[in-house]
Every structure is written in C-alpha cells, then in structure tokens.
Amino acid sequence: MATVRCDHCGALIQDSATMVDHGGLVYCCANCSSAVEQQGSGSDPQSPEHENDLRCRHCGTPIADESTMMSRGDDPYCCGNCYQMAA
Ligand SMILES: [Zn+2]
Ligand SMILES: [Zn+2]
Ligand SMILES: [Zn+2]
C-alpha cells in the first residue's frame, strides 16, 4: 500500500477514517484541511483569533473539529494519525 502523507502537516496517514481528500490533496483530518483553506483565503478581518483553540501537539494545527481529536494526557492531537506519529 502506498504511503500517504498529509499535505499540510506531513503526518503519515494510517487511519483513513479521518482523512480528507480535498481536490486531489490529502489531509490527515478536517483540521489540517481547514487550516490550509484559512491560510489560502488571505487575511479576513471578520475571522476572530481563538486564543483558547487547541492546537495539535504534533503538527500545531488548530483543532476546530474535535470529532477527530485524540489526546494523550493533556496533549491534544488533531487526529489519530498525528497521535500515532507522536507515539
Ligand atoms: Zn495533517
Ligand atoms: Zn496534527
Ligand atoms: Zn490531523
């Protein structure tokens, strides 16, 4: 099986359940997918910074979709793929 890595954070995608295929680019989860979209849309004065947003301990992606989030102790991960990368 081919090795697939997240186009945003480079995590090895072992759990395809959280994987997002966005126009041919593959992300480990919706958090990386949306992080890329936010970067690509330029500055948006309407979008507030969420100071309390969780960030993945492995890749630093803001965790907007907690449905794929994993945590080990106090350390949050954006998804099972990053979780396993840090194992
Ligand atoms: Zn990722
Ligand atoms: Zn991550
Ligand atoms: Zn992820």
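Which far-off residues, 5 or more places away or on another chain, put their amide H under 5 Å from the one on ARG55, with H placed in the peptide plane?
Long-range HN contacts for ARG55: ILE63.
Under the rule of at least 5 residues apart or a separate chain, name every residue whose amide H is placed under 5 Å from the amide H of HIS22.
TYR27
In sequence order, what are the phi-derived ³J(HN,Hα) couplings for the range 69-82 according to the Karplus relation 6.51 cos²θ - 1.76 cosθ + 1.60 with θ = phi - 60°, rounded to whole Hz, with x for glycine and proline?
Those phi angles translate into 5, 10, 9, 10, x, 8, 8, x, 10, 5, 6, x, 5, 5 Hz.
Quick note: the coordinates plus some simple rules give every number you see, no bench work behind them. Just so it is clear, the model here is predicted, and its values are computed rather than measured.
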